[in-house]
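Here's the structure, in C-alpha cells; my notes come after.
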Amino acid sequence: MTTAEPPIPPSPTSPRDRVRRRQCALALAAAAAACLAPVAVLLAVLVLAPSLLPRLLLRPHHVVPYVSSAELRLLAFDPAASAVSYNLSATLRFDSPCLYCTWRYTELRARPSYAGQQLGAAAALPELTQRRGSDAHDVAWAGTQKVPPGRRARAVAAALAREEAEGRLGVKVAVSTVQNGARSDFACVLSFPAVSAPRRGGTGSPASAVFDGGRCVDAVPGEI
C-alpha cells in the first residue's frame, strides 16, 4: 500500500519578483496607451475637421480694412450755431485673406466723428464678395452736424483749437460689417495737416488736406 506524497507548497514570492511584475504591468499599460493615442487623435480630427479646418487654416477670423487715401475739405465749428461743418471723403480697402476662398462683406457701414461727436449718419456701402486680390469702396460725408450746447460743444471747440495749434487734425471713422456671418467693428484714425484744411465755407486754403493712408484697428462696437 502506497501513501500519497503531500503537495509541495508554493515557494514564497520574493520582493524582487513583485517589483518586476509591477514594472511589466506598467510597461504593458504604457504600450497600450501609446498605441491608442494616435487612434484617438485621428478620430478627433475626423470629427472636428469639417467645421474647424476651413476657419483655422483657410480663413482668419476677420479681415481688417485700411484707409488707402482720404481728403478733408472742411472742418469748422460755429459757436453761435453750435454746429460742426464738415466735408470728408475716404477710400476703404479690403485685402483678400487667401487665394482659394471667398470672402463676403454685408451690412458694410462707415461713420466719421470728431472729438467724440458723430458727424452725420453712417454711410451704407454696397455688399462685397471677394475671391482674391484687393477691393475698395469710396465713401464721402458732407454737411452740418448740430452739437448739444454746453459740455459737448465746449469739448469740440477746445479740441479743434488745440489740434489747429498743434498742426494736425484727427478724424475718426467707425467701420462695421458682417464678414461671412460674423460681425466685425473697426476704428480708423485719420490725421490731416491742419494748415491746409479749410476752416469755414469759402475761407481757408483751397487745397484739401490729404491723408496718406493707414490700417484700422479692432474696436468695441460704439466705442468711437
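Could you tell me how many of the residues in the range 146-177 are within 20 Å of ALA90 (Cα to Cα) and open to solvent by less than 20 Å² (accessible area, probe 1.4 Å)?
5
Name the residue, out of LEU99, LEU72, that is within 22 Å of SER191 (Cβ to Cβ), of a type in the set (A, V, I, L, M, F, W, C) and either surrounded by 12 or more Cβ atoms within 10 Å (Cβ to Cβ) or under 23 Å from the mean Cα position of the chain (by Cα) (or both).
Numbers: LEU99 fails: within 22 Å of SER191 (Cβ to Cβ).
Only one candidate passes the filter, namely LEU72.
For the range 176-193, give me each residue that is within 13 Å of HIS62 (Cα to Cα) and in contact with a strand residue (DSSP E or B) (Cβ under 8 Å, 6 or more places away or on another chain).
Residues satisfying the conditions are SER176, THR177, VAL178, GLN179, ASN180, ARG183, SER184, ASP185, PHE186.
The values are calculated or read from the model by the stated rules, or taken from the named source; none is laboratory data. Quantities reported herein were computed from a predicted structural model and do not represent experimental measurements. All Cβ positions, even for glycine, are placed from backbone atoms using ideal geometry, and neighbour counts span all protein chains on display. Just so you know, the surface numbers come from the protein's heavy atoms only, side chains and all, with ligands and any DNA or RNA stripped out. Shrake-Rupley method; radii C 1.70, N 1.55, O 1.52, S 1.80 Å.
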